[in-house]
Amino acid sequence: MGKAHVAALRGDSRTALELLDEGRRVFDAAGSDDAQSDYAVPWWRFNVFISLMAARLGEEHLALQAQDEVSRNLPESLPRFRTHLEMHRGLMLVRAGDREGGVAYARAALHALPAEKHSLTLRMLMTEIEGA
């Protein structure tokens with residue numbers, strides 16, 4: 001999935017989507033159970049990866065499908081992932097042409113999460129959204 005994200009960041013939609021398909025096949029064979037952990041990768045978390053990759057590509061339909069899947073299954077005990085989803089929506093707004101609104105949306109989502117829960121990944125995503 002890391003390779004898919006790199007392809008998405010480079011704007012290579014075809015490669016990113018091919019790697020996503022490969023990632024799904026690997027997940028089907030080796031995915032985690034539904035353990036509640038920052039490290040396990042159950043199906044809902046795999047969809048967090050899909051959501052961001054799709055948002056980066058401007059694949060709104062795919063991003064929304066993934067976000068819906070996460071929303072249905074995300075444990076309440078892991079609020080940082082909900083923040084990720086909201087920030088992905090901000091990125092989607094930026095990609096759709098509403099830079100100011102998207103940045104504000106993502107920033108509000110990040111600030112709604114207690115500062116001690118801000119991860120390096122969330123801060124990097126905010127930088128990406130601000131620079132998009």
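Rule-based calculations on the coordinates, nothing more; no lab input. Values in this document were obtained by computation on a predicted structure and should not be read as measured data. Cβ placement follows ideal geometry from the backbone for every residue including glycine, while neighbour counts extend to all protein chains displayed.
Per-structure values
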{"quantity": "Assigned charges on the beta-carbon of Lys, Arg, Asp, Glu; the chain dipole about Cα centre (debye)", "calculated": "280 debye"}
{"quantity": "Projected area, mean over directions - segment 50-91, Cα convex hull, nm²", "calculated": "2.5 nm²"}
{"quantity": "Cβ-derived FRET efficiency at R0 30 Å, ARG14 paired with PHE81, nearest 0.05", "calculated": "0.60"}
{"quantity": "Tail beyond 16 Å, pair distance distribution of segment 1-82 (Cα, percent)", "calculated": "50 percent"}
{"quantity": "Stretchable slack from LYS3 to HIS111, in nm (0.36 nm times residue separation minus alpha-carbon distance)", "calculated": "35.9 nm"}
{"quantity": "Residue among GLY58, SER77, ALA104 farthest towards the positive dipole end of segment 39-132, charges placed on Cβ", "calculated": "SER77"}
{"quantity": "Restricting segment 1-107 to GluC sites (Glu not before Pro) in coil, as DSSP defines it, with at most 16 other Cβ within 10 Å", "calculated": "GLU76"}
{"quantity": "Karplus-derived HN-Hα couplings along segment 74-85 (A = 6.51, B = -1.76, C = 1.60, θ = phi - 60°), whole Hz, x at Gly and Pro", "calculated": "6, x, 4, 6, 10, x, 4, 6, 5, 4, 3, 4"}
{"quantity": "Stretchable slack from ASP98 to TYR39, in nm (0.36 nm times residue separation minus alpha-carbon distance)", "calculated": "17.9 nm"}
{"quantity": "Likely footprinting exposure, HIS61, HIS5, HIS111, fewest C-beta neighbours within 10 Å first", "calculated": "HIS61, HIS111, HIS5"}
{"quantity": "Pair-distance profile P(r), taking every C-alpha pair of segment 28-132, with 10 angstrom steps and integer %", "calculated": "16, 48, 31, 5, 0"}
